[in-house]
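Down below is the structure, laid out as structure tokens.
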Amino acid sequence: MILSQTINSGLRKIPTWTIYIVGGAWVVWMFYLAATNQMGPEPINALEREYGELGLKLIVLGLAVTPLRRWTGLNLMKFRRAIGVTAFFVVLAHFLVWALLDVGTFGRMWTEIVKRPYVTVGMASFIMLIPLAVTSNNLSIRKLGGATWRKLHKLTYPIALCAVVHYLWLVKGFQIEPFVYLGIVILLLALRQSGFKWPTGTFKPRAIKGAASE
């Protein structure tokens, strides 16, 4: 716990808006690389993939915030909302690259959604992210009430599952990384649904006002 306390002490000095700045800067930088043909022979596909993979990583990270705190004492609670909102905007960028630069027309986009299962589940994940991003603020918590707000934000679990299935179906050939993400998400879901009790004597930090509850 000494290591986690040291890390937490450093994290407390980092403002949450840093997540938005770093995430936005990365999105812009990737777009610049693609626009200047620095991402290989298929820059649109490469950009689409980069945005999608980062979006998935942020979704899984947001899902893992509570387990990390409970099991290791690493406290990322203050960043959870920023991680979730940044995940949404990165996934939005992923969608826009696909819709505007890859597919190009609404008719073809609709055909892809209906006929290709990996696109269908990816779109489902994106649509479920929208209400979470819109309500990721203190005003929404007050308007909806804590219980309703927490129930709504349980959409994080099907979002993560759909996102990882989308990734798994999308990749060509056998690649270990999608299965790692799938295993992590299934583990987190299984622990929640089984009523698993967190180990006693684990780190119990102060509650953070307005923090999302999984």
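The values are calculated or read from the model by the stated rules, or taken from the named source; none is laboratory data. Being a predicted model, the structure only gives us computed values, none of them experimental. For neighbour counting, all protein chains shown are included, and Cβ atoms are generated from backbone atoms with ideal geometry for every residue, glycine included.
Side notes on the structure shown:
- Just one of the listed residues (THR66, THR72, THR86) is among the polar types (S, T, N, Q), touching a Gly at 6+ places or on another chain (Cβ under 9 Å) and in contact (Cβ under 8 Å) with a residue 40 or more places away in the chain, and it is THR86.
Here's the yes/no breakdown for (1) acidic (Asp, Glu); (2) within 18 Å of PRO178 (Cα to Cα); (3) exposed (fewer than 11 other Cβ atoms within 10 Å of the Cβ); (4) touching a residue at least 24 places away in the same chain (Cβ under 8 Å):
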position: SER4; (1), (2), (3), (4): no, no, no, yes
position: ALA25; (1), (2), (3), (4): no, no, yes, no
position: MET30; (1), (2), (3), (4): no, no, no, no
position: ALA34; (1), (2), (3), (4): no, no, no, no
position: PRO41; (1), (2), (3), (4): no, no, yes, no
position: GLY52; (1), (2), (3), (4): no, yes, no, yes
position: LEU58; (1), (2), (3), (4): no, yes, no, yes
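- Residues in the stretch 147-176 that are in a helix (DSSP H, G or I), free of Cβ contacts under 8 Å to residues at least 60 places away in the same chain and small (Gly, Ala, Ser): ALA147 only.
- Residue check for PHE196: in contact with a Gly (Cβ under 6 Å, 6 or more places away or on another chain), farther than 27 Å from GLU48 by Cα and modelled with pLDDT under 90: no
- Considering the stretch 121-146, the residues that are of a type in the set (Ser, Thr, Tyr) and part of a helix (DSSP H, G or I) include one that is modelled with the highest pLDDT, namely SER125.
- Of residues in the stretch 174-190 being touching a Phe, Trp or Tyr at 6+ places or on another chain (Cβ under 9 Å) and of a type in the set (A, V, I, L, M, F, W, C), the one farthest from LYS154 (Cα to Cα): LEU182
- Filtered by the rule that a residue be crowded, with 21+ Cβ neighbours inside 10 Å and over 10 Å from the mean Cα position of the chain (by Cα), the stretch 82-94 gives ALA82, ALA93, HIS94.
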